Amino acid sequence: MSNILVIAEHHAGALKKGTLAAITLAKQIAAKVGGGFDLGVVGGGVAGVAAELQGYGAGSVFVVDGPAFADYLAQPYTKAVVALADKAGASYVISTAGTTGKDLLPRVAAALGAGMVADCVGLAEGDEVLFQRPMYAGNVMATVRSKTAKTVVSVRTSDFDVAAATGGQSPIVSVAADGGEVAARFVSFDATESERPELTEADVIVTGGRGLKDGPTFWNMMNPLADALGAAIGATRAVVDSWEEVPNDMQIGQTGKVVAPKLYIAVAVSGAIQHLAGMKNSKTIVAINKDADAPIFQVADYGLVADAFKTLPELTEKLKAARG
Amino acid sequence: MKVLVAFKRVIDPDARIKLTADGSAVNTESVEYKANPFCENALEAALQIAEEHDAEVVIVTIGGDDTDQTIRAGLAMGAARAIRVEVEDQDLDSDLAARILAAVYKEEGDVDLFILGKQAVDGDNNQVGQLLAEYLGLPQACFASAITIDEDASEAVVTREVDGGLETIAITLPGVITADLRLNTPRYAKLPDIMKARRKTIAVMDLDDLGVDDTALKIEVVRLEEPPKRQAGALVESVDELVAKLKNEARVL
């Protein structure tokens, strides 16, 4: 019997790609402990998400589906995930380290009496299941052991390949769960409107720092560059703290989002430790900054010491031309 | 109203972290400690609530008497008093920290709100508030960027910073809130307040007092390492050279 349960992350009826990275960790654990893995979905009207998950080689796709779970709230979702973990006989419960996973998984761990490994970036080599996770803004890599019979893991998805579809049709199994008395209610969701790719799923990210003067200038400079590359736009903590035109969920860094795109272009970003923690695993890093001593150059594959205001229009045009 | 605030010290987040030679721990020789930034946001939020709702704000810290300096800094910001839970070994996991805080909550009684930082920037775990809420069976509102408490202090409406936007939820009090950085700008303590803080009470309790007899860690650190350093690449002279390298060398266009 498989004893690893991966809880799917989804939003507005669509599966989040990070779930497939969590499946990769499940397979890595299964390779050490034997057995396979199951998938779990919690929500209201999530049949489509469950169906999409049938082709990834899970033993079963367990589903808690009902109006009580339509909006995410930590308490009822904890009860639902515990019900799924019981049904799956799970020793490991894994999900993504997005804001929902970070909110939910520790509660699940407390309810299961399980140790909780946050932000797992990989397993240590060897037969034993030992988890690696960053601390101190990524300046220290810890190898940790869970000493409990059950373990809950949140996955830093940018550090794992996404699992490929394997074909097959895992059976969908409906699981009953009672959300219980809930001392919280959903009020509203104010979505950040964007036509661009999501930061955590983008192949190319362009990030602006405080050198871009103010909020309107930030957008005037970054939008054309992002358009030229089909890129998502990120920002530093200083930017989202200072300029209200730039929303908080664009922050890349230790306390914001952690990303690892194929191409990361940092414009007028100095490269504070907490920012580097969020992007230094990107495959190719470009830094443009007029200060030659900016720490960002120490992690950049290609550095250009130049004034962003003069350089960006030229770069935007020439990238457009180069991409044809 | 009574508001508890978890208040932790961390190694100066702007300092370079060094490991001991055997990789078993972070080298704490001659490091400076500061209050965890998110804990300062939590305390500021509590103080603002107190100004509107006549609440008592109580700092809760876990650690030895070397943490008193950090606690005094919090008292100087305006907390009424502090509780320090004496533990010898400060390498707790999030779970034990949460169980200790849960015990303080029960011991203290009549608590309306427990506010914590969303994470401590040493372990970067982002768990303790959530664990605490589950252990106490309370609702939670994590990653708060705005908090409004209603007049009779029965409900908190909290805006949360989540992927893709801002979510607003309401929790029935008592409850647990964790603070994000944009919740507020923590105040600086004024000199008279620093003097006044010296006379405020720090009540010291130990795990026996709190009835926390299970001190087993659920997560054990096996070893610490410095992650491999990323090699700095080369400077390019012009936009043309940059675009050519991205296209022909990195092949990312």
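Which of the trypsin sites (Lys or Arg not before Pro) across region A:157-225 are loop residues per DSSP, with 15 or fewer other Cβ within 10 Å? Intermediate results must be reported in sequence, preceding the final value.
Numbers: sites: A:Arg185, A:Arg210, A:Lys213; in loops: A:Lys213.
Hits after loop and neighbour filter: A:Lys213.
Which of the lysines could a cross-linker bridge to B:Lys18, judged by Cα under 26 Å and excluding same-chain residues fewer than eight apart?
List returned: A:Lys257, A:Lys280, B:Lys8, B:Lys34, B:Lys118, B:Lys218, B:Lys229.
Using r as the Cβ-Cβ distance of A:Asn220 and A:Val187, and R0 as 41 Å, what FRET efficiency do you calculate, to the nearest 0.05?
On the way: r = 34 Å, r/R0 = 0.83.
The computed FRET efficiency comes out at 0.75.
Name the lysines eligible as straight-distance cross-link partners of A:Lys87: C-alpha to C-alpha under 16 Å, and not fewer than 8 places from it in the same chain.
Those lysines meeting the cut-off are A:Lys79, A:Lys150.
Just check region A:214-324 against the gyration tensor rule for me: Cα atoms, a ≥ b ≥ c as the square roots of the eigenvalues, rounded for a/c under 1.5, and otherwise prolate or oblate depending on whether a/b exceeds b/c.
rounded
How far, in degrees from 0 to 90, does helix A:99-112 lean away from the longest principal axis of the Cα atoms of chain A, to the nearest 10?
That works out to roughly 30 degrees.
Using only alpha carbon pairs under 8 Å that are at least six residues apart, calculate the relative contact order of chain B and give it in whole percent. Working shown, then result.
On the way: 475 pairs, mean separation 60.2, N = 253.
It comes to 24 percent, rounded to a whole number.
Roughly speaking, what is the centre-to-centre gap between region A:94-166 and region A:14-69 when only Cα atoms are used, to the nearest Å?
16 Å
Would you please classify the overall shape of region B:180-253 from the alpha carbon gyration tensor, given that a ≥ b ≥ c denote the square roots of the eigenvalues, rounded means a/c under 1.5, and beyond that prolate means a/b larger than b/c while oblate covers the rest?
Details: a/c = 4.37, a/b = 1.91, b/c = 2.28.
It comes out oblate by the Cα gyration axes.
Where both partners of a DSSP beta bridge lie in chain A, what percent of those bridges are antiparallel, to the nearest 5?
Looking only at bridges with both residues in chain A, the antiparallel portion is about 15 percent.
In region A:30-131, which GluC sites (Glu not before Pro) are in a loop and have at most 11 other Cβ atoms within 10 Å, using DSSP for the loop call? Mind showing how you got there, number by number?
Values: sites: A:Glu52, A:Glu125, A:Glu128; in loops: A:Glu125, A:Glu128.
Those that pass, being in a loop and sparsely packed, are A:Glu125, A:Glu128.
Quote the FRET efficiency, to the nearest 0.05, computed for B:Val157 versus B:Ser238 with a Förster distance R0 of 60 Å and r equal to the Cβ-Cβ distance. Before the final figure, lay out each step's value.
On the way: r = 53 Å, r/R0 = 0.89.
Step by step, r from the Cβ atoms, then E = 0.65.
Nearest 5 is fine: what % of DSSP beta bridges in region A:4-174 come out antiparallel, could you say? Provide the component values of the computation, followed by the final result.
On the way: 9 of 33 bridges.
In region A:4-174, DSSP labels about 25 percent of beta bridges as antiparallel.
Enumerate the amide H contacts of A:Gly278 below 5 Å, restricted to partners 5 or more residues apart or on another chain; note that Pro and chain-start residues carry no placed amide H.
Residues meeting the criterion, in which the H sits 1.01 Å from N, are A:Gly253, A:Gln254.
Longest segment of chain B with no GluC sites (Glu not before Pro) in a DSSP loop having at most 15 other Cβ atoms within 10 Å? Could the numbers behind the result be given before it?
On the way: sites that count: B:Glu29, B:Glu32, B:Glu88, B:Glu151, B:Glu237, B:Glu249.
In short, B:152-236.
Hey, can you grab everything whose amide H is under 5 Å from the amide H of A:Thr151? Only 5+ residues off in sequence or another chain; H modelled, so Pro and N-termini drop out.
Those qualifying (amide H under 5 Å, at least 5 residues apart or on another chain) are A:Tyr92, A:Val93.
For A:Thr166 and A:Lys27, compute 0.36 nm times the residue count separating them, minus their Cα-Cα distance, and round to one decimal in nm.
On the way: separation 139, 0.36 × 139 = 50.04 nm, distance 1.25 nm.
Length gained, A:Thr166 through A:Lys27: 48.8 nm.
Percent of Cα-Cα pairs per 5 Å bin, from 0 to the last occupied bin, for region B:1-69, please list those.
4, 15, 20, 18, 16, 11, 7, 5, 3, 1, 0
Arrange the following residues from fewest to most other Cβ atoms within 10 Å of their Cβ: B:Lys2, A:Lys283, B:Lys229. Mind showing how you got there, number by number?
Values: B:Lys2 18, A:Lys283 13, B:Lys229 9.
Ranked by crowding around the Cβ, least crowded first: B:Lys229, A:Lys283, B:Lys2.
Which shape class applies to region A:171-213: rounded if a/c is under 1.5, otherwise prolate when a/b exceeds b/c and oblate if not, where a ≥ b ≥ c are the square roots of the Cα gyration tensor eigenvalues?
Working: a/c = 3.95, a/b = 1.91, b/c = 2.07.
In terms of gyration-tensor shape, oblate.
Bear in mind that the values in this text are calculations on the coordinates, not laboratory data. Everything quoted here is computed from the prediction, not taken from an experiment. Here the Cβ is made from the backbone with ideal geometry for all residues, glycine too, and neighbour counts use every protein chain on show.
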